[in-house]
Amino acid sequence: MSRDMRATARFARCIWELCKSGITRLSDIYRVMTFGVQNDKEFAVSGSQWRNYVTSKRIENPILDKNVIVEIIEEGHLAKLRPERRFDQTLYFTISSASFIK
């Protein structure tokens, strides 16, 4: 089963669960619907396509300054970030390299 088909099946299950009970438990859906393969990546695009997303004006000039990250992440939670994950890695290294962190 392709990645797209797995994502579609999980999405359909989420909608079904939501209609049935009003609650969607994503962790249960992902645990049960592994389809025997790695299930942590549902969306991937090639570098040439990805460039269209990461070169937008919003990405190049974000609304929020990086200093605001320390106001958003509560004290002690920086240690819980997992730098092997891309989003966590972005936060981790942005905060770690900033001069305002002691």
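Per q in 0.13, 0.31 1/Å, what log10 I(q)/I(0) does a Debye calculation on the alpha-carbon atoms of segment 1-44 return?
Each listed q maps to, in turn, -0.26, -1.16.
I'd like the FRET efficiency for THR34 and GLU60, computed as 1/(1 + (r/R0)^6) with the beta carbon distance as r and R0 of 41 Å, rounded to 0.05.
0.65
For segment 7-14, what does the Karplus curve 6.51 cos²θ - 1.76 cosθ + 1.60, with θ = phi - 60°, yield as ³J(HN,Hα) per residue in whole Hz, taken in order and with x for Gly and Pro?
Working through the residues one at a time gives 5, 5, 4, 5, 4, 4, 5, 4 Hz.
FYI, it's all coordinate maths here, none of it is from the lab. If you're wondering where the values come from, they're calculated on a predicted model, not measured in any experiment. Positions of Cβ are backbone-derived with ideal geometry, glycine not excepted, and every protein chain shown enters the neighbour counts.
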